[in-house]
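Notes for the one structure printed next.
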Amino acid sequence: MLSLMKSIKAVVNRVVNPIAKKRGLIHGKIILEWEKIVGTQYASYCAPLKVSFRQGYRTYGTLHMKVNPSHVLLVTHSQDLVIEKINTFFGYKAVNALKIIQMPFTPTPSTLAINIANISEKKESIQDLPPEKRLSRALENLESLITLEEQKKKKP
């Protein structure tokens, strides 16, 4: 089982590393962790598009973000706070400017927490299982999450 996890990690690294090197590690992290970085309030009406840096540098970048037109004034007013939150998350001056692009923005509700709560209600926790069965149970849970998401997308 451990060798399977190592091989999965190797495949993921082969796919992700070239992209991360090309775009910079901050680019992927800021998109994946956006809600954690700025909080659910800001994440509900704005989202990062990309981070651009001067050639050869990976600090003091410009974050290009799409913002719902009705919230542009609020984001413009609090851009120093957003920049501070981003830099605090990364631990260095990753971003020093925002470029706001007005775009209709309808966030998808974060259902992951709800889905995880539903799975945790099952009688048996993954942690209580023997190590051999943990992976198969985790994959079953992942399959059920994917199925639930597909069903939600099909409903009007």
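Figures for the structure shown
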quantity	calculated
Cβ-based exposure ranking for Thr88, Thr59, in which fewest neighbours within 10 Å come first	Thr88, Thr59
Theoretical FRET efficiency, 1/(1+(r/R0)^6), r = Cβ-Cβ of Glu149 and Thr106, R0 22 Å, to 0.05	0.85
Segment 36-44 - phi-based ³J(HN,Hα) in whole Hz, Karplus 6.51/-1.76/1.60, Gly and Pro as x	5, 5, 9, x, 5, 4, 5, 5, 6
For segment 88-102, 3J(HN,Hα) per residue [Karplus equation, 6.51 cos²θ - 1.76 cosθ + 1.60, θ = phi - 60°, Hz, x = Gly/Pro]	5, 4, 7, x, 7, 6, 6, 10, 10, 8, 10, 10, 8, 10, 6
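Read-outs: derived from the displayed coordinates by stated rules, not from any lab. Keep in mind that this is a model prediction, so the values were computed, not measured. In this analysis, Cβ positions are derived from the backbone assuming ideal geometry, glycine residues included, and neighbour counts consider all displayed protein chains.
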